[in-house]
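This report refers to the structure that appears directly beneath it.
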Amino acid sequence: MGHRIGDASTPARLAAPDEGIGHDELALATRNHGLPLEALRYDVTPPGLHYVLTHYDIPYVPDDTRWPLTVGGLVRRPLRLTPADLRAFPQVTTRVTLECAGNGRALLTPRPVSQPWLVEAVGTADWTGVPLRLLLERAGVEPGAVDVVFTGADHGVERGVEQDYRRALPIGAATGTEPEVLVAYAMNGAPLPPQHGRPLRLVVPGWYGMAHVKWLREVTVVDTEFTGFQQSVAYRLRQDPGDEGEPVTRIVPRALLVPPGFPDFMSRTRVVRPGPVPLEGRAWSGRAPVTRVEVSADAGRTWQEADLEPDGGHRWAWRRWRSTWTATPGEHTLSARASDADGHTQPLDQPWNRGGFAVNLVQRVPVLCLDEDAEN
């Protein structure tokens, strides 16, 4: 019997009742990592603390590589540009919060078997690069353009399909200015680290991470809707395997709390002492500006509005919020939830989907407040 590519790849599945994290999910979790929640204190996330999700291998790009980016397809003047060529275009820096589309997946029941994110798959960076619209203007997009397809250099197999990682944006989103899509070559003022797409990546403010194609090597304008694997098979909101599903696009609102006090090593339960406890965190949405953050100390039964800082001109980045909680001895569950200008609010009970995408269930942080006279 011959061997086929599907022999190395398993279909999508849901975890059985009471099934724990398996070896395959653990292997994914060792390759990818989330943001330590205490790092929410940084306005801009240091690159090593920013979340990472890599579908296949991280391409090796030596310093002297003349990495060509091609812009082709339905254009009048195909382009072939090196990173040095891109630096001759007008430079833009935009602060953007990126969140993995699967953030929160491991909190669902039944659990979709994939990268087992809790709530930490997020980070914020200052991305510097060239507006994509300028490259498309230079190339001259022909009439009839529908989608712009982006191809990364990472190659692998998923659910039996061998592929380069590819995603697309509608032509209007690719050429728009609000948000303005970037072909980025720097992160926080330094060249892109390998795990974040060195030497070039796409940055699509407000969209989940699957749209921000890393190790970008091709931009192709097409006259039909792109139906590649990562567009029409993966990253769809489905209830049943046969559903066409809705595409995953913009980030739904979320607030996260910096866990107060100090943690237990294994359980991560936080320990505080009685009295005023300052609370802080971040909130963001890719759909509309965040307008309110609320905090609960009783597992969501009652809520108190927090102080929300201005966005400082960074529309596509998270915003800091602050509150104070008066801790009393006993066990507590702290939560925070965000609402945006379009009226979307984080749910206490998460609607389910097979891929575990766009989950924004309210965070729950167990806290133990010690008795006044407690000793170690």
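The values are calculated or read from the model by the stated rules, or taken from the named source; none is laboratory data. Quick caveat, the model's predicted, so the values are computed rather than measured. A quick note on method: Cβ atoms are made from the backbone with ideal geometry, for glycine too, and the neighbour counts reach across all protein chains shown. For the accessible areas, the whole protein counts, side chains as well, though only heavy atoms, and no ligand, DNA or RNA atoms are used. Shrake-Rupley method; radii C 1.70, N 1.55, O 1.52, S 1.80 Å.
Results, tabulated for the structure shown:
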quantity: Index of the failed condition, THR70 passing every other in (1) under 28 Å from the mean Cα position of the chain (by Cα); (2) in a loop (DSSP other than H, G, I, E, B); calculated: (2)
quantity: Answer residue from region 317-332, given it is open to solvent by less than 40 Å² (accessible area, probe 1.4 Å) and part of a strand (DSSP E or B) and is farthest from LEU37 (Cα to Cα) among those; calculated: GLY330
quantity: Scan of region 211-224 for residues that are of a type outside the set (Ser, Thr, Tyr) and either in contact with a strand residue (DSSP E or B) (Cβ under 6 Å, 6 or more places away or on another chain) or at pLDDT below 95 (or both), ordered by number; calculated: ALA211, HIS212, VAL213, LYS214, TRP215, LEU216, ARG217, GLU218, VAL219, VAL221, VAL222
quantity: Qualifying residue in region 183-194 (condition: touching a helix residue (DSSP H, G or I) at 6+ places or on another chain (Cβ under 8 Å), assigned to a strand (DSSP E or B) and open to solvent by 20 Å² or more (accessible area, probe 1.4 Å)); calculated: no
quantity: Residue match in region 107-119 (condition: open to solvent by less than 10 Å² (accessible area, probe 1.4 Å), assigned to a strand (DSSP E or B), more than 30 Å from ALA16 (Cβ to Cβ) and not polar (S, T, N, Q)); calculated: no
quantity: Matching residues in region 16-38 - criterion: being under 21 Å from GLN363 (Cα atoms), of a type outside the set (Asp, Glu) and assigned to a helix (DSSP H, G or I); calculated: ALA29, LEU37
quantity: Those residues of region 48-105 which are closer than 30 Å to GLY20 by Cα and among the basic types (Lys, Arg), in sequence order; calculated: ARG105
quantity: Among (1) within 20 Å of TYR235 (Cα to Cα); (2) in a loop (DSSP other than H, G, I, E, B); (3) not polar (S, T, N, Q) - the single one ALA173 does not satisfy; calculated: (2)
quantity: Residue in region 14-22 that is open to solvent by 50 Å² or more (accessible area, probe 1.4 Å), under 30 Å from VAL222 (Cβ atoms) and of a type in the set (A, V, I, L, M, F, W, C) present; calculated: no
quantity: Residues of region 58-67 satisfying the condition of being surrounded by fewer than 15 Cβ atoms within 10 Å (Cβ to Cβ) and at pLDDT 95 or above; calculated: TYR60
quantity: Evaluation of PRO241 against (1) at pLDDT below 95; (2) on the phi > 0 side of the Ramachandran plot (one fails), failing number; calculated: (2)
quantity: Residue list for region 139-167, filter: more than 17 Å from VAL233 (Cα to Cα), assigned to a loop (DSSP other than H, G, I, E, B) and open to solvent by 10 Å² or more (accessible area, probe 1.4 Å); calculated: GLU142, PRO143, GLY144, ALA145, VAL146
quantity: Elements of type strands (runs of 3 or more DSSP E) contained in region 255-316, each with 3 or more residues being open to solvent by less than 20 Å² (accessible area, probe 1.4 Å); calculated: 275-284, 290-296
quantity: Among residues of region 232-242, those that are within 29 Å of ASP340 (Cα to Cα) and part of a loop (DSSP other than H, G, I, E, B), counted; calculated: 4
quantity: Residues being in contact with a strand residue (DSSP E or B) (Cβ under 9 Å, 6 or more places away or on another chain) and farther than 16 Å from PHE150 by Cβ - total across region 165-197; calculated: 8
quantity: Residue in region 36-48 that is aromatic (Phe, Trp, Tyr), closer than 30 Å to PRO289 by Cα, open to solvent by less than 40 Å² (accessible area, probe 1.4 Å) and in contact with a strand residue (DSSP E or B) (Cβ under 9 Å, 6 or more places away or on another chain) present; calculated: no
quantity: Tally, over region 292-317, of residues that are closer than 21 Å to THR94 by Cα and in contact with a Gly (Cβ under 9 Å, 6 or more places away or on another chain); calculated: 2
quantity: Region 78-98 residues that are assigned to a strand (DSSP E or B), paired with ones that are small (Gly, Ala, Ser) (beta carbon under 7 Å, 6 or more apart); calculated: LEU79/ALA139; VAL92/GLY129; ARG95/ALA317; VAL96/ALA125; VAL96/ALA317; THR97/ALA317; LEU98/GLY123; LEU98/GLY209
quantity: Pairs, first closer than 15 Å to ARG217 by Cα in region 189-201, second part of a helix (DSSP H, G or I) and open to solvent by 10 Å² or more (accessible area, probe 1.4 Å), C-beta under 9 Å, six or more apart; calculated: PRO199/PRO83; LEU200/PRO83
